[in-house]
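Student: Okay, here's the structure, questions in a sec.
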Amino acid sequence: MSSGFFEHKLIRKDIVEKRAYQEAIIKSAGRKNTLVVLPTGIGKTIIGVGVAADRLEKYPDSKVLILAPTKPLVEQHKKSFEKMLNLHPDELKTLTGKIPAPKRKKEWHDAKVVFATPQVVQNDLMKKRVSLENYSFLLVDESHRTTGNYAYTTIAREYMKQSELPLILGLTASPGGTKEKIGRICGNLFIENVEIRGDEDEDVKPYVQPTKISWVKVELPPTFINISNHLENLIEKRSQYLLKNNFIMSSKVGKGVLLRIQKELSAKLSQNRNPFFFPALLDTAALIKLKHALSLLQTQGISQLHKYLNKLQSEQTKSSKVIINDKEMKDVIEKTLKLHIDGVEHPKLDEIIEILKKDLKDGKKAIIFTQYIDTVNNIYSKITKNAPELNAVKFIGQRKGFSQKEQLEVLDKFREGIYNVLVATSVGEEGLDIPELDLVLFYEPIPSEIRTIQRRGRTARKKPGKVIILMTKKTIDESYYWSAHHKERKMKKVLHEMKNALNNSKANVKAQESLDKYKSKNEKLVIYTDHRENSLIQKLKNRNVEVREKQLKVGDYIISDRVGIERKTVKDFLQSMIDGRLFRQMSELSESFERPVLIIEGDDLYTKRNIHPNAIRGALTSITIDFRIPILWTKNVEETATMLTALARREQLDEKREIQIRCAKRPKKLSEMQEYIIAGFPNVNSKLSRRILKEFKTIKNFVNAGETELQKIEKLGKEKANGIKTITNAEYIG
């Protein structure tokens, strides 16, 4: 057990209990960028405080940055650090988006320890309100979020580039269940060291309160089974085309697989309008909706299914219409409506009342987690009606209607004992300081190991706790439970393997080389970008590109003295066809740059708007042939940033081209000017103008040619020849 308190000149005396595993992790995390994985409630924050104190003692003129995903969690960290760190309160500052930018800039300057959400920090970095050069420590709480476009990723990269004394600490209870996901988190945080402790570790065991986990399985009533059978028949029916053509191997395939197939089919159809893919895409979309309807029935209840079926009936998509028009689905709708009117509930609701009445005695408290806001309302109504003595309250996210102030008021009343049951959505899983709970009740299992661990960690912090998971027998509930269970086991295995690998000296050398390479400024790329291209600017900076924002007259990006690039999303490309901007922009791009490039970003080019595919193909053909502009295709913003970086590297590093803004139109070659003049005649395009010049050699010969001679040119008939001669022979009247 404890052997006294931490002794450190920057940690208040007799405040922080000394624990061997925390001391060991603080020492380890003080040397290398470290990912710390600890169960909820056994002191991750104290480790952060310990490392921060060491860095501030070692580098007294430096600063510390503490990141957390939500404002309440940011405030919670500030309170913890104020309580433990021996610093003046004015040296600890919380920065939020509500603080005006000029004042925030001053707070950055004055603070010793900054607490902030990542969005605020990212915004201030982009606007150059702050430099992280003097920050000797970056703490990233809930670091499992450091993936994809989340702001943590950007901040970590900027920190590693700017800081003279970089050290990163990532804290989480669960980083994910696959090597790929954990690897992405470690890569994005430049992790060189992993520290993992679990309930079973000898140095942690004395501080872990026992948690009793049990499962309550419920049977679907016959009325539910009847509707369920109809939905399963519809699923089988809609699976046949996909099965026959090997898109899927079983009608039992999960929603995730169907979503992947849907994305792949959409991409194929954007490039090839093969009729073979249309029924596959339709059936995939229908299956996703049918499986969701089945899941709502089996795991949530009749009212949730009824609401979803009403939504499908109001939709105008082909997949919804094909489902609703099926005779068997009409039976499902009719039976669901009758049960809804009769007030039939899912059997889980009765189980909840029994569990709460049995377990919530002598001032005990509970939280009930569920996926859906409608289910929150049902559970709350059931408790209020059948067990009003329990004093339940709904606890939902800001997007669903609760302001941050309302959330904190509910939690305060929960602490005071005014409420003893929280009925919560995922907002209760992380990021809020929820008081100690005696019981955590899952209305349904969830397939995410991260969220399962977070839910479970809401109990057994200072005293023994209980977790009860409700499951509907022989439904997706059981699959989700085992999915999360296996992912959690795999996560622990992967983390231990990673820890062992990183402890290997060769791995450490390789990791350091990787960091050194990243920090290198030898391959500095520069891209001029239009100031309106905000979505891509940060992603280019993430790739170590110096972005210079300008108001460009032509194009969106300039990467050399000869290459200008126009970027269009699929939506913008189609809109520019409709409003007439497209060819004007392509003409300006072609005239202004020796090597113009068009990037089209996204998919479903042929299905986004009501434009005939032939018109789209015609536009693409004209851009490529008439304007001689190559088209590059990218899937998303990330891929566009990668493409721009590759183009800039080729021009600036491989070809050694200078980068400069060209405001004037580029000089045309003589042949281009000749083609341009001929193409100015009625009904003569670029292709025909080149054919004319090849035949007549000069513009003079063309103008002097008779109507009969003109008609000898392929695609230049009598009508066009007559129009040309009318122009050349007519007297000018000013």
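Student: With a point put 7 Å past each Cα toward its Cβ, work out how far residue 730 is from residue 403 in nm, to one decimal.
Tutor: Reported label-point gap for residue 730 and residue 403 is 6.9 nm.
Student: Obtain the nm distance between the two label points defined at residue 486 and residue 594 by a simple spin-label model: each point lies 7 Å from its Cα along the Cα-to-C-beta direction.
Tutor: Between residue 486 and residue 594, the label points sit 5.9 nm apart.
Student: Please go through the range 83-116 and write out the trypsin sites (Lys or Arg not before Pro) that DSSP classes as loop and that have at most 10 other C-beta atoms within 10 Å. Let's see the in-between values first.
Tutor: Values: sites: 83, 93, 98, 103, 104, 105, 106, 112; in loops: 98, 112.
Passing sites in the range 83-116 are 98.
Student: Nearest-5 percent of antiparallel DSSP beta bridges in the chain?
Tutor: Around 10 percent of the beta bridges assigned by DSSP in the chain are antiparallel ones.
Student: Using the alpha-carbon atoms, what tilt in degrees (0 to 90, nearest 10) does helix 686-696 show relative to the longest principal axis of the chain?
Tutor: The answer is roughly 30 degrees.
Student: Between 0 and 90 degrees, rounded to the nearest ten: what's the tilt of helix 327-341 against the longest Cα principal axis of the chain?
Tutor: 40 degrees
Student: Further, regarding this structure: If Lys and Arg each add +1 and Asp and Glu each add -1, what is the summed charge of the other residues whose beta carbon sits under 10 Å from the beta carbon of residue 715? Mind dumping the intermediate values first?
Tutor: Working: positive: 687, 691, 720; negative: 714.
That works out to +2.
Student: Another question, then. Please count, across the range 525-654, the pairs of lysine residues with Cα atoms under 19 Å apart that sit 8 or more places apart or on different chains.
Tutor: Lysine pairs satisfying the spacing and distance rule in the range 525-654 number 11.
Student: Using a Förster radius of 22 Å, what is the FRET efficiency between residue 250 and residue 276 based on their Cβ-Cβ separation? Nearest 0.05, please. Each step should come with its number before you reach the end.
Tutor: Details: r = 21 Å, r/R0 = 0.96.
Working from the Cβ atoms, E equals 0.55.
Student: Once both axes come from the Cα atoms, what is the angle between helix 404-416 and the longest principal axis of the chain, in degrees from 0 to 90, rounded to 10?
Tutor: Value to nearest ten degrees: 10.
Student: For a bin width of 20 Å, list the pair-distance distribution of the chain built from all Cα-Cα distances, rounded to whole %.
Tutor: Distribution as computed: 14, 37, 33, 13, 4, 0 percent.
Student: Still on this structure, I have one more. Spin-label point model (7 Å from Cα, Cβ direction): what's the residue 161 to residue 241 distance in nm?
Tutor: The two pseudo-label positions are separated by 4.8 nm.
Student: Kindly give Rg over Rh for the range 363-470, based on alpha-carbon atoms, with the Kirkwood expression for the hydrodynamic radius.
Tutor: On the way: Rg = 12.8 Å, Rh = 13.8 Å.
Rg/Rh: 0.92.
Bear in mind these aren't lab numbers, they're just calculated from the coordinates by the rules spelled out. Note that the structure is a prediction, hence the values are computed from the model and not measured. Reconstructed Cβ throughout: ideal geometry from the backbone, glycine too, with neighbour counts over all protein chains shown.
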